[in-house]
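The values are calculated or read from the model by the stated rules, or taken from the named source; none is laboratory data. Everything numeric in this text was worked out from a predicted model, so none of it was measured. Here the Cβ positions follow ideal geometry from the backbone for every residue, glycine too, while neighbour counts run over all protein chains shown. SASA here: full protein model, heavy atoms, side chains in, ligands and nucleic acids out. Shrake-Rupley method; radii C 1.70, N 1.55, O 1.52, S 1.80 Å.
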Amino acid sequence: MRWWDLPEVLALEADLFPEDAWSEGMFWSELAHARGPRASRRYVVAETPEGKLAGYAGLAAAGGLGDVQTIAVAREQWGTGLGARLLTDLLQHATAFECDEVLLEVRVDNTRAQKLYERFGFEPIGFRRGYYQPGNVDALVMRLTVQGTGTDI
């Protein structure tokens, strides 16, 4: 993801997450940490063959811990496997960032996303009450132990 992707990213964000969409400033802050030798973020976009934004995803990494910040897939792309491809990219970069485990939060009412994460081996480890605001929706916290990092957790 680059700065010129932000108008389309923000439009998709508002469509998919109308109550708790990230602001432009939040994306700029994340992108500031996604380039250079000390990068600690991975943000990627996927486009249709026509060049239209189909989805995006982001990962933050620090101290052996990765955190899936966001995954979004345009409604017309649901069921195509794009979410799985985006998550695969993030997990490959979690390994490159030498993460031992990857965490994420997902809305308790987003069963589609939960099933995707479970297919990848994420397991529920707790809840964050009222995490998604202003709707006061709980988040399910899930964790994946990354294989091949030399650490068993």
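A few remarks follow.
- Per the conditions (1) more than 24 Å from Phe27 (Cα to Cα); (2) at pLDDT 95 or above, the sole criterion not satisfied by Val68 is (1).
- Qualifying residue in the range 116-124 (condition: aromatic (Phe, Trp, Tyr) and buried (at least 21 other Cβ atoms within 10 Å of the Cβ)): yes
- Meets criteria (among the small types (Gly, Ala, Ser) and open to solvent by less than 30 Å² (accessible area, probe 1.4 Å)) for Ala11: no
- Selection from the range 45-57 of residues that are open to solvent by 70 Å² or more (accessible area, probe 1.4 Å) and either assigned to a strand (DSSP E or B) or farther than 21 Å from Leu31 by Cβ (or both): Glu47, Pro49, Glu50
- Candidates in the range 63-82 are the residues that are over 19 Å from Arg107 (Cα atoms) and of a type in the set (S, T, N, Q); of these, the one that is surrounded by the fewest Cβ atoms within 10 Å (Cβ to Cβ) is Thr80.
- Among the residues examined, Ala60 qualifies as in contact with a His (Cβ under 8 Å, 6 or more places away or on another chain), open to solvent by less than 50 Å² (accessible area, probe 1.4 Å) and small (Gly, Ala, Ser).
- Total residues in the range 28-44, condition within 13 Å of Ile71 (Cα to Cα) and either at pLDDT below 95 or aromatic (Phe, Trp, Tyr) (or both): 1
- Residues in the range 26-39 that are among the aliphatic types (A, V, I, L, M) and open to solvent by 50 Å² or more (accessible area, probe 1.4 Å): Met26, Ala32.
- Test: Tyr132 is among the aromatic types (Phe, Trp, Tyr) and open to solvent by 30 Å² or more (accessible area, probe 1.4 Å): yes
- Against the test of being buried (at least 21 other Cβ atoms within 10 Å of the Cβ), among the basic types (Lys, Arg) and under 22 Å from Phe17 (Cα atoms), the options Arg42, Arg85 yield a single qualifying residue, Arg42.
- Per the conditions (1) of a type outside the set (A, V, I, L, M, F, W, C); (2) part of a strand (DSSP E or B); (3) at positive phi; (4) in contact with a strand residue (DSSP E or B) (Cβ under 6 Å, 6 or more places away or on another chain), the sole criterion not satisfied by Gln69 is (3).
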